[in-house]
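Okay, so here's the structure we're looking at.
The values are calculated or read from the model by the stated rules, or taken from the named source; none is laboratory data. Keep in mind that what you see is a predicted model, and the values were worked out from it rather than measured. Because the Cβ atoms are built from the backbone with ideal geometry, glycine has one as well, and the counts that use them run over all protein chains shown. Note: areas computed on protein heavy atoms with side chains; ligands, DNA, RNA excluded. Shrake-Rupley method; radii C 1.70, N 1.55, O 1.52, S 1.80 Å.
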Protein chains: 2
Amino acid sequence: MAKIAPLSGFPEWLPESRLAEQAVLDTLRKTFELHGFSGIETRAVEPISQLLAKGETSKEIYLLSRLQDLDGSKAPELGLHFDLTVPLARYVLEHAGHLDFPFRRYQIQKVWRGERPQDGRFREFYQADVDVVGQDTLAFHHEIELPLVMVDALGKLPLPKITIHASNRKVAQGFYEAIGIENIEETLRIIDKLEKVGPRAVQQMLAANVGATDAQITAALSLAQIRANDASVADQVLALGYRNELLETGLDELVRLVEGANELIPGSLIANLQIARGLDYYTGSVYESVMDGHEDLGSVCSGGRYDSLVSDGKRTFPGVGLSIGVSRMLSRVISQGVIGASRKVPTVVLIAVNDENARAHAAKTAMILRRRGIAAEVSPSSAKFGKQIKYADKRGIPYVWFTTEDGEQVKDIRSGAQSTVDIADWMPPVADLYPQLVSENF
Amino acid sequence: MAKIAPLSGFPEWLPESRLAEQAVLDTLRKTFELHGFSGIETRAVEPISQLLAKGETSKEIYLLSRLQDLDGSKAPELGLHFDLTVPLARYVLEHAGHLDFPFRRYQIQKVWRGERPQDGRFREFYQADVDVVGQDTLAFHHEIELPLVMVDALGKLPLPKITIHASNRKVAQGFYEAIGIENIEETLRIIDKLEKVGPRAVQQMLAANVGATDAQITAALSLAQIRANDASVADQVLALGYRNELLETGLDELVRLVEGANELIPGSLIANLQIARGLDYYTGSVYESVMDGHEDLGSVCSGGRYDSLVSDGKRTFPGVGLSIGVSRMLSRVISQGVIGASRKVPTVVLIAVNDENARAHAAKTAMILRRRGIAAEVSPSSAKFGKQIKYADKRGIPYVWFTTEDGEQVKDIRSGAQSTVDIADWMPPVADLYPQLVSENF
């Protein structure tokens with residue numbers, strides 16, 4: 001037997017924490033469905049040509065080879081997807097004839113990145129994405145709708161408050177054009193690093209990489225300072241003294257977003273002109289989000305509007321979507337005990353076994369309870385009752401069921417209370433019926 | 001944009017069929033939890049040394065390389081798991097100190113096999129496994145319990161009846177020893193092919209590969225003919241005129257299995273002495289199962305008892321478990337229309353939008369309904385109501401909500417019936433609330 005050791009970057013939960021993760025994934029999925037999104041699941045692999053189509057080699061793709069082809073006679077053709085956006089683009093194009101547009105889809109799957117283990121990053125992790133994809137056109141109002149789907153979903157979890165921070169690519173691009181910066185893509189990438197590297201480093205990079213003057217740098221950094229949770233964001237930007245059509249269109253959209261979002265869910269979204277998003281396919285609203293008290297974790301949910309994620313020459317598919325980095329977020333809050341499951345196992349009642357001849361009776365009891373939605377497990381041993389109770393206690397199973405001369409009895413092993421019950425109507429309290437997602441530290 | 005084409009062996013569902021698949025996976029998971037099994041999810045990758053530990057190269061493993069390592073300087077070290085048993089063995093050994101034994105776990109995940117595409121086999125597919133793993137010992141009664149978990153789970157799906165066919169390795173081994181066959185592993189592998197290749201081919205292989213005499217072949221084939229759903233199975237085997245201790249122990253277990261299973265769930269299991277299972281780690285009960293009318297599909301759920309799946313030298317972990325080949329089963333029954341979803345999208349009501357100024361009101365209406373568990377979607381366009389109703393109709397959304405001068409109204413677009421409702425208590429019938437798994441053709 002080869003030595004067993006954890007693989008760096010491939011997190012794995014013990015059953016208790018998996019219960020918490022599963023409850024979080026269920027909540028996300030249920031919320032996405034309440035908003036009318038259809039779940040899809042794409043294959044884990046894509047042709048390497050698709051994965052590299054956006055020139056995105058920084059994602060450290062894992063390539064696949066069949067064991068039988070290891071002699072090098074065949075170059076790898078498939079790789080594991082590193083996000084759920086590339087697969088969505090391919091799925092939409094492949095199945096367009098069978099989809100209804102605008103296509104509302106959610107997707108909760110693992111993705112893989114061959115990151116260096118010393119970076120402390122995950123190589124396998126869950127993402128949860130929602131996107132609306134139109135055919136040829138997509139109305140602006142979806143840019144207000146989509147971040148609120150995520151606010152609704154995340155708001156149902158026992159987590160610290162998560163706020164969406166949003167900007168608009170048209171604002172950034174219009175503003176940079178107005179102040180005379182030419183290399184806008186590189187400027188966006190540099191501004192995107194502001195939070196991480198600070199203003200001094202950004203200043204130097206803007207001067208070195210895009211040849212920005214002091215005045216341009218001052219203006220760009222002033223723009224990035226602006227925050228507002230209402231229409232005043234436009235006044236603040238215009239007060240910097242620049243304007244053009246693109247900037248004004250962008251500000252109009254940003255005001256509609258910040259006002260529209262906060263009208264529906266107050267406190268859900270603030271305009272934050274520092275948000276740039278490095279990827280060059282965004283064309284309108286861009287979103288990041290911060291969890292209170294965990295700012296160092298970076299954005300836990302990000303995305304934006306893209307006018308052409310994919311096109312087949314005849315048709316173009318614009319969209320807007322956001323993605324939650326589920327594993328990174330959960331790894332933090334589960335390991336710090338912020339959230340957890342209320343017990344270790346799904347079982348709510350252990351059926352005690354008087355002796356091995358009574359095992360079939362215990363199995364029948366369990367069967368009847370399960371039909372009524374009560375998770376029941378038969379004691380694996382017919383040892384003394386004390387030992388059977390200990391078995392339940394160790395696993396956090398709250399109730400033990402006994403068949404006695406006085407009839408069927410249930411003991412709540414937390415309180416010790418034991419009473420005679422009718423198998424046809426005994427029901428544990430709702431809070432005990434299934435392990436709950438509980439919040440421990442706040 | 002590279003050309004888009006489906007990848008052979010990597011099935012992908014349209015949203016409507018994915019709804020059906022998801023409902024099936026949910027039913028399996030819920031049933032496993034009702035039986036007190038804890039869900040785990042293991043990483044998709046294992047060290048190649050683990051994957052090859054059982055000498056199982058026939059599984060056509062996919063190996064992983066980082067794009068950055070393609071120069072050949074680094075040999076692949078990781079591969080994708082090809083089943084959920086190898087990962088379970090590794091998980092149990094790695095986390096033994098944190099698990100409670102007997103460890104009851106279920107696992108529903110995709111697995112990958114680099115099969116040749118011309119075989120028409122899947123390269124990516126779902127398996128759903130349940131196992132009970134003990135530390136050093138594991139009582140026999142789990143060999144009765146585990147197949148019944150699967151019968152319970154599969155029985156809740158709108159599928160043709162699925163029956164477990166079971167035998168016992170001790171019976172086969174004891175019998176072959178009693179008739180004087182020496183290469184028992186190879187004999188098991190040959191008998192395992194009986195259903196596929198027929199008795200004549202098996203006869204030839206037994207003569208050629210294990211040097212069996214005509215008398216031995218006749219005896220082995222006679223054993224494989226035996227079927228019974230009660231204790232008579234032992235009489236039939238002993239009537240062949242051979243006996244030894246191992247055979248009698250095996251028959252005792254087989255009788256306990258067939259009687260115990262059918263006492264709890266009548267008609268659930270038959271003893272079928274043809275069942276051999278090719279894998280050499282089984283040591284007691286072995287299971288396959290057949291779906292009525294789909295016998296050509298082969299076993300949809302298989303497994304068995306193993307005395308030592310894994311060991312670290314000090315401790316041994318015996319277990320018993322079964323695995324459902326979910327994708328293969330669903331691919332058949334979904335594509336033939338045996339099961340499907342009752343509608344294409346989760347949305348139950350479309351909120352019509354009178355004009356764009358009324359969109360916020362429609363969004364608030366949707367929000368209130370969602371809080372009450374009703375999946376609601378706001379019409380993407382404020383076109384004429386006829387067009388908005390058509391949008392709902394095309395997607396199979398059963399209800400459309402209107403804000404009119406006479407108050408809030410809901411139209412059932414199937415019947416055309418429209419009535420004034422109170423947003424605080426309107427509720428669609430349960431059958432409409434969420435897409436149902438429906439059985440179409442039987």
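Of the residues A:Thr31, A:Thr27, which single one is in a helix (DSSP H, G or I) and crowded, with 19+ Cβ neighbours inside 10 Å?
On the way: A:Thr27 fails: crowded, with 19+ Cβ neighbours inside 10 Å.
From the options A:Thr31, A:Thr27, the qualifying one is A:Thr31.
Looking at the range A:87-122, which of its residues are modelled with pLDDT of 95 or more and part of a loop (DSSP other than H, G, I, E, B)?
Of everything in the range A:87-122, those that are modelled with pLDDT of 95 or more and part of a loop (DSSP other than H, G, I, E, B) turn out to be A:Leu99, A:Asp100, A:Phe101, A:Pro102.
Restricting attention to the range B:335-359, which residues are under 30 Å from B:Leu297 (Cβ atoms) and among the polar types (S, T, N, Q)?
Hits for the range B:335-359 are B:Ser335, B:Gln336, B:Ser342.
Which members of the range A:344-367 meet the condition of being open to solvent by 10 Å² or more (accessible area, probe 1.4 Å), within 11 Å of chain B (Cβ to nearest Cβ) and modelled with pLDDT of 95 or more?
As a first pass, look at the range A:344-367 and keep what is open to solvent by 10 Å² or more (accessible area, probe 1.4 Å): A:344-345, A:354-361, A:363-364, A:367.
Subset that is within 11 Å of chain B (Cβ to nearest Cβ): A:344-345, A:356, A:359-361, A:363-364, A:367.
Result: A:Val345, A:Glu356, A:Arg359, A:Ala360, A:His361, A:Ala363, A:Lys364, A:Met367.
Pick from A:Ile181, A:Ile190, A:Ile217: which is out of contact with any strand residue (DSSP E or B) (no Cβ under 8 Å at 6 or more places or on another chain) and either under 30 Å from A:Leu264 (Cβ atoms) or in a loop (DSSP other than H, G, I, E, B) (or both)?
Values: A:Ile190 fails: either under 30 Å from A:Leu264 (Cβ atoms) or in a loop (DSSP other than H, G, I, E, B) (or both); A:Ile217 fails: either under 30 Å from A:Leu264 (Cβ atoms) or in a loop (DSSP other than H, G, I, E, B) (or both).
The conditions single out A:Ile181.
Suppose we filter the range A:104-131 for residues that are over 27 Å from B:Val111 (Cβ atoms), buried (at least 24 other Cβ atoms within 10 Å of the Cβ) and out of contact with any Ser or Thr (no Cβ under 7 Å at 6 or more places or on another chain); how many remain?
Residues that pass the stated criteria total 2.
Among the residues of the range B:174-198, write down those that are at pLDDT 95 or above and under 34 Å from the mean Cα position of the chain (by Cα).
B:Gly174, B:Phe175, B:Tyr176
When the residues of the range B:368-379 are narrowed to those that are in contact with a strand residue (DSSP E or B) (Cβ under 8 Å, 6 or more places away or on another chain) and not in a helix (DSSP H, G or I), which ends up nearest to the other protein chains (Cβ to nearest Cβ)?
From the range B:368-379, those in contact with a strand residue (DSSP E or B) (Cβ under 8 Å, 6 or more places away or on another chain) are B:369-370, B:374-379; that's our starting set.
Next, from what is left, pick out any that are not in a helix (DSSP H, G or I): B:374-379.
Numbers: B:Ile374: 8, B:Ala375: 5, B:Ala376: 7, B:Glu377: 3, B:Val378: 7, B:Ser379: 10 Å.
Looking at the filtered set, the residue picked out is B:Glu377.
Return the total of residues in the range A:73-88 being more than 9 Å from chain B (Cβ to nearest Cβ), in contact (Cβ under 8 Å) with a residue 12 or more places away in the chain and of a type outside the set (Asp, Glu).
If we filter the range A:73-88 for residues that are more than 9 Å from chain B (Cβ to nearest Cβ), which is where we start, we get A:73-74, A:77, A:81-88.
Okay, now just the ones that are also in contact (Cβ under 8 Å) with a residue 12 or more places away in the chain, so A:77, A:81-88.
With of a type outside the set (Asp, Glu) added as a condition, the list becomes A:81-82, A:84-88.
So the answer is 7.
Given the criteria basic (Lys, Arg), out of contact with any strand residue (DSSP E or B) (no Cβ under 6 Å at 6 or more places or on another chain) and in a loop (DSSP other than H, G, I, E, B), does B:Lys387 qualify?
Values: basic (Lys, Arg): yes; out of contact with any strand residue (DSSP E or B) (no Cβ under 6 Å at 6 or more places or on another chain): yes; in a loop (DSSP other than H, G, I, E, B): no.
Criteria not met by B:Lys387.
B:Gln204 passes all but one of (1) open to solvent by less than 70 Å² (accessible area, probe 1.4 Å); (2) within 36 Å of the chain's Cα centre (by Cα); which number fails?
Checking B:Gln204 against (1) open to solvent by less than 70 Å² (accessible area, probe 1.4 Å); (2) within 36 Å of the chain's Cα centre (by Cα), the one that fails is (1).
Which of the following residues is at pLDDT below 95 and small (Gly, Ala, Ser): A:Ser289, A:Ser299, A:Ser268, A:Ser285?
Numbers: A:Ser289 fails: at pLDDT below 95; A:Ser268 fails: at pLDDT below 95; A:Ser285 fails: at pLDDT below 95.
One residue alone meets the criteria, A:Ser299.
Looking only at residues that are modelled with pLDDT under 90 and either open to solvent by less than 20 Å² (accessible area, probe 1.4 Å) or among the hydroxyl-bearing types (Ser, Thr, Tyr) (or both) in the range B:62-81, which one is farthest from A:Ala375 (Cα to Cα)?
Initial filter on the range B:62-81 (modelled with pLDDT under 90): B:65-77.
Checking the rest, the ones that are also either open to solvent by less than 20 Å² (accessible area, probe 1.4 Å) or among the hydroxyl-bearing types (Ser, Thr, Tyr) (or both) come to B:65, B:73.
Details: B:Ser65: 43, B:Ser73: 52 Å.
Within the range B:62-81, the match that is farthest from A:Ala375 (Cα to Cα) is B:Ser73.
If you scan the range A:1-52, which residues turn out to be polar (S, T, N, Q) and touching a Lys or Arg at 6+ places or on another chain (Cβ under 7 Å)? Outline the logic, then answer.
Restricting attention to the range A:1-52, the residues satisfying the condition of being polar (S, T, N, Q) are A:8, A:17, A:22, A:27, A:31, A:38, A:42, A:49-50.
A:Thr27, A:Thr31, A:Ser38, A:Gln50, listed by residue number.
Could you grab me the full set of residues in the range A:39-49 that are open to solvent by less than 10 Å² (accessible area, probe 1.4 Å) and either modelled with pLDDT under 85 or more than 7 Å from chain B (Cβ to nearest Cβ) (or both)?
A:Glu46
When the range A:132-153 is examined, which residues are found to be open to solvent by 10 Å² or more (accessible area, probe 1.4 Å) and more than 9 Å from chain B (Cβ to nearest Cβ)? Give the steps one after another, and end with the answer.
Quick first cut of the range A:132-153, residues open to solvent by 10 Å² or more (accessible area, probe 1.4 Å) only: A:135-141, A:144-145, A:148, A:151-152.
Across the range A:132-153, the qualifying residues are A:Gln135, A:Asp136, A:Thr137, A:Phe140, A:Val151.
Residue by residue through the range A:1-38, note down the ones that are more than 8 Å from chain B (Cβ to nearest Cβ), free of Cβ contacts under 8 Å to residues at least 24 places away in the same chain and under 27 Å from B:Ala53 (Cα atoms).
Selection gives A:Lys3 alone.
Quick check, is B:Leu84 aliphatic (A, V, I, L, M), modelled with pLDDT of 90 or more, closer than 23 Å to B:Ser327 by Cβ and crowded, with 17+ Cβ neighbours inside 10 Å? Outline the logic, then answer.
On the way: aliphatic (A, V, I, L, M): yes; modelled with pLDDT of 90 or more: yes; closer than 23 Å to B:Ser327 by Cβ: yes; crowded, with 17+ Cβ neighbours inside 10 Å: yes.
Here the answer is yes, as B:Leu84 does meet what is asked.
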